[in-house]
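Please read the structure below before turning to the comments.
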Amino acid sequence: MRKLIEYVAQSLVDDPSAVQVREIRNDRNAVVLELHVAQEDFGKVIGRQGRVAKAMRTLMRAVGTREGRHTALEIV
């Protein structure tokens, strides 16, 4: 799941080397991913009216459902 979000984010931004994804586990069934990007690429990851961010969260939810986990994505 982390690699999927990292791949999508690196494909969207101008500076792919600045993309970092950190995984935080709240309990055994919950996973929170923190996505860090360069300041100038922040808008590209969010998208217009949050559409890109919403799409990435939908992907995470689909993968999480298959694995039986609750997932969340935070863009920092």
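Each reported figure results from applying straightforward, stated rules to the coordinates on display, with no laboratory input. This structure is a prediction, so every number in the text was calculated from the model and none was measured. Cβ atoms come from the backbone with ideal geometry, glycine included; neighbour counts cover every protein chain shown.
Suppose R0 equals 22 Å. What FRET efficiency, 1/(1 + (r/R0)^6) with r the Cβ-Cβ distance, do Glu74 and Tyr7 give to the nearest 0.05? Taking R0 as 22 Å, the efficiency between Glu74 and Tyr7 is 0.80. Distance between the pseudo-spin-label points of Arg48 and Arg61 (7 Å out from Cα toward the beta carbon): 2.2 nm.
Angle of helix 2-12 to the longest C-alpha principal axis of the chain, folded into 0 to 90 degrees and rounded to 10: 20°.
Dipole magnitude for the chain: about 460 debye, using +1 per Lys or Arg Cβ and -1 per Asp or Glu Cβ, origin at the Cα centre.
Plugging the Kirkwood radius over Cα pairs into Stokes-Einstein for the chain, at a temperature of 25 °C and a viscosity of 0.890 mPa s, what D comes out in µm²/s? Write down the numbers at each step before the final one.
On the way: Rh = 12.5 Å.
Rounded to a whole number, D works out at 197 µm²/s.
With the simple model of a label 7 Å out from the Cα in the direction of the Cβ, Ala18 to Val32 spans 2.4 nm.
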